[in-house]
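Just so it is clear, none of the values below were taken in a lab; they were calculated from the coordinates. Bear in mind the structure is a predicted one, so any value in this text is a computation, not a measurement. Reconstructed Cβ throughout: ideal geometry from the backbone, glycine too, with neighbour counts over all protein chains shown.
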């Protein structure tokens, strides 16, 4: 069993990026979903590269913007469900 430190913003973000990368590997037979997941992963990798230089609230805002701009073709997809969960966790951490 893997222990996830829910107080580690960067760790949770990194796990989410890994999850999206894993999802990309599972949708090789679905070209439309593959395109959408790859697009999301590309945007996440750009954010990940800048993570050390961006304050926590700005990361949260960029993730919200990413979520708001997500392709409608991913509506109801587990990738977006996990992004929603990540946003919830990061928002909760910001309140403590």
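On full extension of the chain, what length is gained from residue 15 through residue 92, given 0.36 nm per residue of separation minus the C-alpha to C-alpha distance?
Stretched out fully, the residue 15 to residue 92 stretch lengthens by 26.0 nm.
As a check on your grasp of the helix formula, calculate [θ] at 222 nm for the chain: sum -39500 (n - 2.57) over DSSP H runs of n ≥ 4, divide by the residue count, round to the nearest 500.
Only helices count here, giving -23500 deg cm²/dmol.
What number, in percent, do you get for the relative contact order of the chain if the mean sequence gap of Cα pairs under 8 Å and at least 6 apart is divided by its residue count?
34 percent
Can you tell me the 0 to 90 degree angle between the C-alpha axis of helix 9-26 and the longest principal axis of the chain, rounded to 10?
For helix 9-26, the angle is close to 10 degrees.
Using the 10 angstrom Cβ neighbour count as an exposure proxy, how do 17, 37, 79 rank, fewest first?
So the ranking, lowest neighbour count to highest, is 17, 79, 37.
What is the helix-to-structure angle for 56-68, meaning the angle in degrees between its Cα long axis and the longest Cα principal axis of the chain, kept from 0 to 90 and rounded to the nearest 10?
20 degrees
Given a Förster distance of 22 angstrom, what is the FRET efficiency for residue 81 paired with residue 46, based on the Cβ-Cβ distance and rounded to 0.05?
In this case the efficiency is close to 0.50.
Between helix 31-49 and the chain, what is the angle of the helix's C-alpha long axis to the longest principal axis, kept within 0 to 90° and rounded to the nearest 10?
Once rounded, the angle reads 30 degrees.
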